[in-house]
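Engineer: I have a structure here, written as structure tokens, and I will follow up with some questions on it.
The values are calculated or read from the model by the stated rules, or taken from the named source; none is laboratory data. Just so it is clear, the model here is predicted, and its values are computed rather than measured. So basically every Cβ, Gly included, is an ideal-geometry build from the backbone, and we count neighbours across all protein chains shown.
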Amino acid sequence: MASKIIDARGLSCPEPVILTKQALDVYSGPVEVLVDSCTARENVHRFASSRGFKVEIIEEGETTRLAVSK
Amino acid sequence: MQWSIVVAGTLVGLLAVVLVKFGNPANMGVCVACFVRDITGALGLHRAETVQYLRPEIPGFILGSFAIAAMGKEFRPRGGSSPLVRFVLGFFVMIGALVFLGCPLRAILRLANGDLNALLGLVGFTTGIVTGIQFIRNGYSLGRSYRLPMANGLVMPLLAVGLIALAAAKPAFAFFSQKGPGSLHAPLLLSLAAGLVIGAVLQRTRLCTAGGIRDALLLKDFHLLWGLAAIFMAGTAANLIFGGTYKLAFAGQPVAHTDGLWNFLGMMLAGWGSVLLGGCPLRQTILAGEGDADAAVTLLGLVAGAAFAHNFGLAASPAGVPLAGKVAVIAGMAVVAAIGGLAVLSVKNTLLPAGGIGVGQ
């Protein structure tokens with residue numbers, strides 16, 4: 001079972017995207033992904049967008065919260 | 001497809017040929033493995049007389065990445081994600097690369113000048129990536145990195161400044177090859193400038209040779225792969241137009257050998273290790289510049305790998321691959337498999353895996 005909130009902070013490529021993919025395979029959304037690097041933010045954003053999801057980006061200090069939904 | 005990644009790849013391919021034109025070794029305009037090995041030799045950590053030079057390109061990558069990351073507010077000192085394991089992976093990625101004779105970037109550049117041995121290398125690299133992907137699919141993770149005090153992020157940029165100072169001052173204690181690939185180099189300022197530009201551009205675009213193939217196979221995301229294709233196409237075009245040494249063949253290629261099996265296996269080890277590290281040697285260099293202390297430790301692993309490769313006769317030469325090098329590649333695969341397997345097992349055995357809160361609950 002995957003969670004609807006994925007804490008991918010501090011994880012190396014491609015783990016943030018893989019965890020997002022696993023969550024979206026179980027739920028069709030909404031899913032929240034927490035990341036703390038620009039690379040992870042871009043990668044998760046690009047992946048979710050390519051699968052037809054909407055991505056809302058909320059910056060919270062060093063953490064970026066990506067709200068992924070249909 | 002985003003054009004920025006194609007522009008970045010084109011720039012790398014072009015600059016690599018320009019650097020060869022101005023003096024770098026053939027098909028070695030830019031090579032992270034070769035240049036780290038040359039720096040390792042220049043510092044006397046190995047004594048292979050033909051591969052010792054303080055290549056300014058590598059510190060250039062680090063400082064270019066550092067500067068542009070600082071400007072873009074992306075410089076962030078961080079680390080703590082299995083540094084020792086990353087050191088070991090970096091070590092064996094270097095062993096694999098020096099058995100092939102080049103990092104994945106040089107494999108692309110070699111192919112762009114007609115060296116067909118590189119094709120086997122790239123097939124091996126892809127095979128290594130496919131192998132690494134199986135671990136990732138099973139939950140492989142090296143754990144999280146965390147914010148670290150500022151000094152952690154500044155070590156590599158300061159070390160880079162020190163290396164450039166040494167390259168300019170040429171002190172008596174540093175070693176500079178009088179013959180062989182180490183004696184061939186573009187003017188210092190040109191190498192440094194190219195390194196800075198490439199470092200900055202790659203920091204912005206996240207170009208990664210392992211990531212390009214990994215994302216295409218694992219996620220059907222071809223973004224980074226376009227960058228690699230651009231390196232190859234720009235390199236080929238530049239070599240044909242003004243390189244002047246294009247030769248489509250296996251035999252007689254510069255700084256290369258024709259042992260296909262070990263070209264394949266060496267790069268397979270490099271690809272496998274790179275995937276478990278989350279990026280190729282080039283990408284690790286860029287990450288080290290933007291404050292990633294784990295990537296910096298990986299670079300030190302590359303340095304140690306280069307030192308061992310030449311101190312213990314593991315590295316290949318145009319004459320071929322020594323037996324010790326073959327043994328080291330096989331041993332490296334066993335170590336990388338063990339690291340990957342243990343990481344997967346530790347994730348499977350815990351309810352709260354390193355790979356993110358929630359998954360597995």
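Engineer: Can you tell which of B:Val6, B:Val32, B:Val17 is closer than 26 Å to B:Ala238 by Cα, surrounded by fewer than 24 Cβ atoms within 10 Å (Cβ to Cβ) and in contact with a Phe, Trp or Tyr (Cβ under 9 Å, 6 or more places away or on another chain)? Steps first, answer last, please.
Structural biologist: Values: B:Val32 fails: surrounded by fewer than 24 Cβ atoms within 10 Å (Cβ to Cβ); B:Val17 fails: surrounded by fewer than 24 Cβ atoms within 10 Å (Cβ to Cβ).
Unique residue meeting the criteria: B:Val6.
Engineer: Which residue out of B:Arg204, B:Arg214 is within 13 Å of chain A (Cβ to nearest Cβ) and either modelled with pLDDT under 95 or buried (at least 24 other Cβ atoms within 10 Å of the Cβ) (or both)? Please lay out each step first, then the result.
Structural biologist: Details: B:Arg204 fails: either modelled with pLDDT under 95 or buried (at least 24 other Cβ atoms within 10 Å of the Cβ) (or both).
So the residue among B:Arg204, B:Arg214 that is within 13 Å of chain A (Cβ to nearest Cβ) and either modelled with pLDDT under 95 or buried (at least 24 other Cβ atoms within 10 Å of the Cβ) (or both) is B:Arg214.
Engineer: For residues that are farther than 26 Å from B:Ala229 by Cα and away from every other protein chain (no Cβ under 13 Å), scanning just segment B:72-91, find the one that is surrounded by the fewest Cβ atoms within 10 Å (Cβ to Cβ). Explain how you work it out, then say what you get.
Structural biologist: Quick first cut of segment B:72-91, residues farther than 26 Å from B:Ala229 by Cα only: B:72-89, B:91.
Narrowing the set further to residues that are away from every other protein chain (no Cβ under 13 Å) leaves B:84, B:87-88, B:91.
Details: B:Leu84: 9, B:Phe87: 19, B:Val88: 20, B:Phe91: 24.
So the residue we want is B:Leu84.
Engineer: Only one of B:Phe264, B:Phe250, B:Phe242 is of a type in the set (Phe, Trp, Tyr) and over 30 Å from B:Ala331 (Cβ atoms); which?
Structural biologist: On the way: B:Phe264 fails: over 30 Å from B:Ala331 (Cβ atoms); B:Phe250 fails: over 30 Å from B:Ala331 (Cβ atoms).
After ruling out the rest, the residue left standing is B:Phe242.
Engineer: Search segment A:1-41 for residues being part of a helix (DSSP H, G or I) and surrounded by fewer than 17 Cβ atoms within 10 Å (Cβ to Cβ), and hand back the single one that is nearest to the other protein chains (Cβ to nearest Cβ).
Structural biologist: So the first thing to find is which residues in segment A:1-41 are part of a helix (DSSP H, G or I), and the list is A:15-26, A:38-41.
Retained after the next criterion (residues that are surrounded by fewer than 17 Cβ atoms within 10 Å (Cβ to Cβ)): A:25-26.
Numbers: A:Asp25: 11, A:Val26: 10 Å.
Of everything passing the filter in segment A:1-41, A:Val26 is nearest to the other protein chains (Cβ to nearest Cβ).
Engineer: Then there is this: Pick from segment A:42-59 the residues that are more than 7 Å from every other protein chain (Cβ to nearest Cβ) and among the basic types (Lys, Arg): which of them is surrounded by the fewest Cβ atoms within 10 Å (Cβ to Cβ)?
Structural biologist: A:Lys54
Engineer: Given the conditions (1) surrounded by fewer than 21 Cβ atoms within 10 Å (Cβ to Cβ); (2) part of a helix (DSSP H, G or I), and given that B:Ala172 satisfies all but one, which numbered condition is not satisfied?
Structural biologist: (2)
Engineer: Among the numbered conditions (1) touching a strand residue (DSSP E or B) at 6+ places or on another chain (Cβ under 7 Å); (2) farther than 22 Å from B:Ala16 by Cα, tell me where B:Leu43 comes up short.
Structural biologist: (1)
Engineer: Taking segment B:44-102 on its own, how many of its residues are charged (D, E, K, R) and not in a loop (DSSP other than H, G, I, E, B)? Can you show your working first?
Structural biologist: Initial filter on segment B:44-102 (charged (D, E, K, R)): B:47, B:49, B:55, B:57, B:73-74, B:76, B:78, B:86.
Next, only the ones that are not in a loop (DSSP other than H, G, I, E, B) stay: B:57, B:78, B:86.
Total satisfying the criteria: 3.
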